[in-house]
Amino acid sequence: MPENKKKITRNDKSDLLREASQLLERRLSGESRRHFLKMGLTLGGMALLTGCDISDNSQAEEVLNRMSRVNDRLQGLLFSQTQLAPVYQESQITRPFPFNAFYGEDEIPKVNGEDYQLELAGLIQDKRPWTLPQLHHLQQVSQITRHICVEGWSAIGRWDGVPFKHFLQAIGADLFAKYVSFKCADDYYTSIDMATALHPQTLLALGYDGNTLPPEYGYPMKLRIPTKLGYKNPKHIRVIEVTNRFPGGYWEDQGYNWFGGS
């Protein structure tokens with residue numbers, strides 16, 4: 001091992017987490033918390049601050065998972081349902097809107113809309129499944145917002161559908177529950193906090209740019225959350241569950257930040 005590196009011990013790990021927690025408390029109570037958010041708590045940042053080589057250490061994953069949970073809690077505290085993502089004009093829509101998934105376009109799931117049913121589970125009073133005609137019968141709205149991908153690109157699109165808050169109210173969801181999770185026809189899954197679910201711009205999207213939602217964008221429905229990164233916007237949704245049990249997510253379980261947005 002190089003002389004300028006050292007192995008992180010269990011005591012070191014505890015000290016790092018304690019110092020980070022103290023720093024979070026100081027930043028949250030001060031005027032410079034926005035600067036702290038820009039700093040971030042990453043593997044590289046921890047290595048620079050401590051001089052530790054934790055990239056190949058057996059304790060690194062546990063340390064980073066705990067730091068990620070601290071970051072999630074911080075983002076949750078700063079999240080506001082009155083803070084809206086920017087909206088755009090139709091002339092600013094990206095055409096064509098890019099396709100993006102963890103598979104190629106030739107693997108887009110083929111969902112039969114005629115026999116499709118949205119399944120409901122968890123802390124919901126009325127768990128009867130919903131058909132597409134029933135969903136389209138609900139009051140629809142449109143939004144033109146920017147999709148931001150964790151890979152570094154973005155695109156502006158128009159999404160049409162049902163405010164997710166209205167849908168949750170219609171099915172008698174427990175609005176004091178912690179999480180809403182989603183399972184999809186392409187085996188993707190993710191989850192969000194209830195505050196994000198109730199945000200006025202969170203949309204159960206059934207259409208794109210005035211037309212039925214195309215398969216490449218998530219037919220028969222996707223969750224459109226302009227306050228989140230793209231991987232928090234599940235497509236081809238087939239099950240929605242309201243729960244107090246932490247559900248994780250496809251990318252989140254592989255190390256991506258769970259909150260994934262503002």
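The values are calculated or read from the model by the stated rules, or taken from the named source; none is laboratory data. All values reported here derive from a predicted model rather than from experimental measurement. Cβ sites come from the backbone with ideal geometry, for glycine too, and all protein chains shown count toward neighbours.
Of all residues in region 180-198, which are of a type outside the set (D, E, K, R) and outside any loop (DSSP other than H, G, I, E, B)? Within region 180-198, 180, 181, 182, 184, 189, 190, 191, 192, 194, 195, 196, 197 meet the criteria.
Testing residue 242 on (1) outside any loop (DSSP other than H, G, I, E, B); (2) at pLDDT below 95, one condition comes back false. Which one is that? Single failed check for residue 242: (2).
For the structure I just gave you, tell me whether residue 213 is over 14 Å from the mean Cα position of the chain (by Cα), assigned by TED's automatic domain parsing to the domain that holds residue 113 and within 29 Å of residue 106 (Cβ to Cβ). Taking the combined requirement at face value, the residue satisfies it.
Residue 102 falls short on exactly one of the conditions (1) under 23 Å from residue 219 (Cβ atoms); (2) at pLDDT 95 or above; (3) out of contact with any Leu (no Cβ under 9 Å at 6 or more places or on another chain), and that condition is (2). Among residues of region 157-172 that are under 28 Å from residue 91 (Cα atoms), those with a beta-carbon under 9 Å from a residue that is acidic (Asp, Glu) at least six positions away or on a different chain give the pairs 157/209; 158/90; 158/209; 159/209; 160/209.
The number of residues in region 183-207 being within 15 Å of residue 135 (Cβ to Cβ) and surrounded by 21 or more Cβ atoms within 10 Å (Cβ to Cβ) comes to 4. The residue that is nearest to residue 147 (Cα to Cα), among those in region 231-250 that are surrounded by fewer than 20 Cβ atoms within 10 Å (Cβ to Cβ) and of a type outside the set (Lys, Arg), is 250. The set of residues in region 141-179 being surrounded by fewer than 16 Cβ atoms within 10 Å (Cβ to Cβ), among the small types (Gly, Ala, Ser) and in a loop (DSSP other than H, G, I, E, B) consists of 152, 172. Considering the conditions (1) in a loop (DSSP other than H, G, I, E, B); (2) over 17 Å from residue 144 (Cβ atoms), residue 201 is excluded by exactly one of them, (2). Summed over region 127-150, residues that are in contact with a helix residue (DSSP H, G or I) (Cβ under 6 Å, 6 or more places away or on another chain) and within 21 Å of residue 200 (Cβ to Cβ) total 1.
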